[in-house]
Amino acid sequence: MRILPLLLSFLSFAACKPKRPVRQPVPVSEDTTFLTGTFYVIRHAERNPGPDSTLTAAGRDRAGALYRLLKDSGLNKIYFTPYRRTVATADSVRIRLHLDTCFYAADTSGESFIYQVTRHGDWGKHLLVIGHSNTVVPILRSLKANPHMDVIGENEYDRLFIVRKTREGTVLKEVCY
């Protein structure tokens, strides 16, 4: 007999339990910077052999040329993969312009880069992105840019892709440096 009142009180408690609120989507406002910005996307400079190698003398020269090319571009931050060659490619720009940095995983989908930009709230900014021969084109595609190539050659280090994303669309420009 004692179990019946206990069971009834439990059932009434369960019936009174409030329903979980339905999550409503938040509309994106007209003045948002989400999914906009200017992205300077490059492959790391010339490197020595090995899986996590340093830059060659030519690679260090190219890193210096990158600084001279981008010193007045208004960069806000540098994104690179956690490899010595990408970090060294960014060093002259990072040190001379006193820029903050962020690592992203070297994946062949570009998803890790997009995730990190979103996570750090860097949409709408001017970002330098340093990747690898097999990650640059996927990053460009993840930014909705349409490069004229499918891959970057193993010995190509001189391409700078400038992606300007606005609410009106995406513009891709390629420069050799």
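Using a cutoff of 8 angstrom between alpha carbon atoms and counting only pairs six or more residues apart, the relative contact order for region 61-124 works out to 31 percent.
For region 59-162, the set of GluC sites (Glu not before Pro) satisfying both a DSSP loop assignment and a count of at most 14 other C-beta atoms within 10 Å is given as Glu154, Glu156.
At an R0 of 22 angstrom, the distance between the Cβ atoms of Asp61 and Leu99 translates into a FRET efficiency of 0.60.
Once neighbouring chains are kept in place and the probe is 1.4 Å, which whole percent of the accessible area of region 137-176 is contributed by carbon and sulfur?
That share works out to 47 percent.
Amide H contacts of Val129 (H built 1.01 Å from N, in plane; Pro and chain starts excluded): Tyr40, Val41, Ile42, Tyr79 sit under 5 Å, all sequence-distant by 5 or more or on other chains. Across region 70-177, C-alpha contacts under 8 Å between residues 6 or more apart give a mean separation that, scaled by the residue count, equals a relative contact order of 23 percent.
The values are calculated or read from the model by the stated rules, or taken from the named source; none is laboratory data. Predicted model only: the values in this text are computed from it and were never measured. Backbone-built Cβ (ideal geometry, glycine too); neighbour counts: all protein chains shown. Quick note on the areas: whole protein, heavy atoms, side chains included, nothing else; ligands and nucleic acids left out. Shrake-Rupley method; radii C 1.70, N 1.55, O 1.52, S 1.80 Å.
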